[in-house]
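Laboratory data are not the source of any read-out in this text; all were calculated from the coordinates shown. Note that the structure is predicted; figures quoted are calculated from it, not measured. All Cβ positions, even for glycine, are placed from backbone atoms using ideal geometry, and neighbour counts span all protein chains on display.
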Amino acid sequence: MRALILTIVAITIAVLIYFVTTDRKPQPAQPATAPETTKVVPTIGLIDDARINNAASEPGNWLAYGRTYEEQRFSPLTQINRENVADLGLAWYRDMGTNRAQEATPIVVDGIMFFTSAWSRVFAMEATTGEIKWTYDPKVPGEVGRRACCDVVNRGVAVYKGRVYVGSLDGRLIALDAATGSLVWEVDTIIDHDRFYTITGAPRAAGGKVFIGNGGAEFGVRGYVTAYDAETGEQVWRFYTVPGDPSLPFEHPEMEMAAETWKGGEWWKIGGGGTVWNSIVYDPDFNQVYLGVGNGSPWTRVIRSPGGGDNLVLSSIVALDADTGSMNWYYQTTPGDNWDYTAVQDMALAEMEVDGTLRKVLLQAPKNGFFYVIDRSDGELLRAHPFATVNWATHVDLETGRPVENPELDYLEKEKWVLPGPLGAHNWQAMSVDVDAGLVYLPVQDNPLIYGMAEEWKQTGLYKRNPGSMNLGIAFGTLVQLFVNNITTQPTPKGYLKAFDPLTGEERWVVEIPHYWNGGVLGTAGGLVFQGDALGILSAYDKETGEALWQFNTYTSMLAPPITFEIDGVQYVSILTGTGGGDLFAGAPLDPVPNPASLTYGNYGRMLVFKLGGTGTLPAPTVVDDTIPEQVLAGVSDEEVARGEILFNTYCVLCHGLVVRSGGSIKDLRRMTEEAHGSFNQIVLEGTLSANGMAAFDDSLAVEDVERIHHYVRARAHEDREMALGNQEGARFTWLQ
Ligand code: CA
């Protein structure tokens, strides 16, 4: 190991010398392969700051999460284009050996594709063939799966100076040798393992440092981002996003300012939130790192901060000095967040002419439904047009920079359908920025939630954090009753791909997709916009009209963004298939949303790679048997079933789905065998399936609770079986209010 580190140090120094002694300005005709020095000591993945800054000279590679530091996800490649995309075909595919969601963006450099799959596993494959170069399994304990709000996903690696960096679900930042996949170092990034912190986001690397945040706001954590020395793993700085216990000293001066915006309440005990679980973007123009900061914990501000206040820096874009971690500016998208409106969605950097002046801008479409254009030099808000149906606010006041909330949708007294819901008008699924066209190709959804306060809070004003479950502050236990009983008044959920002008708010074209939870987007100079959707279709749209020019049925729903790269004169397009993520909760959709492909055919984690003239085929799809077995009913009272329902909605619904209807990625409990039913208590209390992510809940549930949950699962299975058999007798949800 020591020799390995020394080798890497030597290579790094060699590369540093190369760039220090070379003009740092963009170099013409730089070869598409690694710099000359790497030929002396053959290695791979020698990406560094200068090379990413000069990405325009090697358009065939995908060097960083969003392709370059600007993260525009718009490729200059043109071999695959409007005229010939009809000839696009499968070059190769590889099963990832999992049916859990795939969210990663691969990095492609030196002919190798580096990416992650479920459980933070890392893969290095020959990008032209799929041959495995190496794999690395961080061996995340299965029971950690329970700590993840949104599946055991991972969105990818950073490749930097001969190393591959990954954040593991259990909170480690891991550095691997890019050539061999062997471990160089790992650090524990988590400040408190009693709280449910997880990492699903891709690290970013720049300026000799690796930046990583975490998730877990729903479970009651306090957000922060840490910068580590890329070489040694030593901590360089840490920035907290919300203030801690006011009886303790502030960790850094920004927290003193933030603490003035939290009033009353004991947010530090219940979490605070503000996790940075997705977007962290490095800006070489200002040597700044932008953090996309998440929602409050719990969601409801009246519990978190009953005296009011903006609760800085929740739901904000924060600019930090990359070297010191001190704050240069912030912009808060949703002051006093009350809806899970994270601002963690991907941020892209660009230069755009705004009102006659060329500006260095930051672009973001966060959950709250407004598309922000912000001046990177000082955080000034330039535009905030709505890009989806928004009813929580009427508009953003550009003078004050603040949204104007709609008082009619206050849900303190009475529950309200709010758009966007907690899945956001746009979530982490990538957008693509086409600077020349002045457009952003954006996956959008109109997907509401009915928000209402818990009865206990209404009656007593008290709220108690539940350390083993979601801590939302809304009526989560009875949410499903609210949801189902009010379904006829629900605004219909829908998905869209939009070509959106962030300066004017104009929608140049819109593709409507019947299911809301679709994949990330890639734009190319070939005139194409690629997106995989919930119905299993990977499409190439004409970027000027939105017309579908090519479609490929993968028979599995997609969330991950396509990318493109070119090797030996051949352009490829790749995508990972397999859905889940934040939509596990909704499960099998209710009418009129159609079933996703993964529910109909199964949820196959696969890497698919396409090229012109590709002739590969996928295995023939088979339709999943959705028969629900006959249930042995215990003859318990409706009250017991109803109590089981509240427990299910507190501890189980997040993964197993609304009204026990799984969305295809996680086990559908209605289809359990009698043998599994016989082991129900052991599975839930002893964790006999914890290796799969089904951890023990003996810290939260008593035997009687588990039996009530079991009765509810049986009752739901019985109802749906009877319905499927055409027996409408005994209306559905009879135990509901
Ligand atoms: Ca959240």
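Here the Karplus curve 6.51 cos²θ - 1.76 cosθ + 1.60, taken at θ = phi - 60°, turns the phi angles of the stretch 423-430 into couplings of 6, x, 6, 8, 10, 6, 4, 5 Hz, with x standing for Gly and Pro. Whole-Hz Karplus values for the stretch 331-341 come out as 10, 9, 6, 10, x, x, 2, 10, 9, 6, 8 Hz, taken residue by residue from phi with 6.51 cos²θ - 1.76 cosθ + 1.60 and θ = phi - 60°; glycine and proline positions read x. Compared with the rule-of-thumb size 2.2 N^0.38 Å for a compact globular protein, the stretch 146-285 has a Cα radius of gyration ratio of 1.09. One decimal place: the segment Lys458-Asp378 gains 24.6 nm when fully extended, by the rule 0.36 nm per residue minus the C-alpha distance. Here the gap between Glu251 and Glu131, fully extended at 0.36 nm per residue and compared with their Cα-Cα distance, gives a gain of 38.5 nm. For the stretch 574-702, the Stokes-Einstein estimate of translational diffusion at 20 °C and a viscosity of 1.002 mPa s comes to 126 µm²/s, using the Kirkwood hydrodynamic radius over alpha-carbon pairs. Positive contributions from Lys and Arg (+1) and negative ones from Asp and Glu (-1), summed over other residues with Cβ under 14 Å from the Cβ of Ser377, come out at -4.
For Lys269, the aspartates and glutamates whose Cα falls under 15 Å of its own Cα, not counting residues fewer than eight places away in the same chain, are Asp192, Asp194, Glu218, Asp245. Each 10 Å bin from 0 upward holds the following percent of the Cα-Cα pairs of the stretch 43-144: 13, 38, 35, 12, 2. By the rule of a C-alpha distance below 12 Å, with chain neighbours fewer than 8 residues away ignored, the aspartates and glutamates paired with Lys464 are Glu266, Glu456.
Each peptide among 228-234, 667-673, 650-656 gets the average number of other Cβ atoms lying within 10 Å of its residues, and from highest to lowest they stand as 650-656, 667-673, 228-234.
The HN-Hα couplings worked out from phi for the stretch 685-694 by the Karplus form 6.51 cos²θ - 1.76 cosθ + 1.60 (θ = phi - 60°) are 9, 9, x, 5, 10, 5, 4, 8, x, 8 Hz, whole numbers, x standing for Gly and Pro. Taken over the Cα atoms of the stretch 142-187, the convex hull encloses 78 Å³ per residue. Of the trypsin sites (Lys or Arg not before Pro) found in the stretch 513-618, no site is in coil according to DSSP while having at most 10 other Cβ atoms within 10 Å of its Cβ.
Would the stretch 289-416 count as rounded, prolate or oblate if I go by the C-alpha gyration tensor, calling it rounded below 1.5 in a/c and otherwise prolate when a/b exceeds b/c, oblate otherwise? Judged from the Cα gyration tensor, the stretch 289-416 comes out oblate (a/c at least 1.5, b/c at or above a/b).
Each Lys and Arg adds +1 at its Cβ and each Asp and Glu adds -1 at its Cβ; summed about the Cα centre, the stretch 106-145 shows a dipole of about 80 debye. For the pair Glu704 and Thr394, the difference between a 0.36 nm per residue extended length and the Cα-Cα distance amounts to 106.9 nm. Let me know the shape class of the stretch 420-553, please: from the alpha-carbon gyration tensor, a ≥ b ≥ c as square roots of the eigenvalues, rounded when a/c is under 1.5, otherwise prolate if a/b is greater than b/c, or oblate. Here the stretch 420-553 falls in the prolate category.
Eigen-decomposition of the gyration tensor built on the alpha-carbon atoms of the stretch 683-726 gives equivalent ellipsoid semi-axes of 26, 13, 5 angstrom, largest listed first. Under 5 Å between amide hydrogens, built in the peptide plane, is the criterion, and for Ala430 it picks out Gly520, Val521 among residues at least 5 positions away or on other chains.
At 222 nm, what value in deg cm²/dmol follows for the chain if DSSP H runs of at least 4 each add -39500 (n - 2.57) and the sum is divided by all its residues, to the nearest 500? Computed mean residue ellipticity for the chain: -4000 deg cm²/dmol. Residues whose amide H falls under 5 Å from that of Thr579, counting only those 5 or more places apart or on a different chain, are Gln102, Ser557, with hydrogens built in the peptide plane. For a test of the definition: using alpha carbon positions, the gyration tensor, and the 1.5 limit on a/c, classify the stretch 196-252 as rounded, prolate or oblate. Judged from the Cα gyration tensor, the stretch 196-252 comes out oblate (a/c at least 1.5, b/c at or above a/b). Within the chain, the proportion of C-alpha pairs whose separation exceeds 43 Å stands at 22%. Each label was represented as a point 7 Å from its Cα along the Cα-to-Cβ direction; for Val404 and Asp321 these points are 3.9 nm apart.
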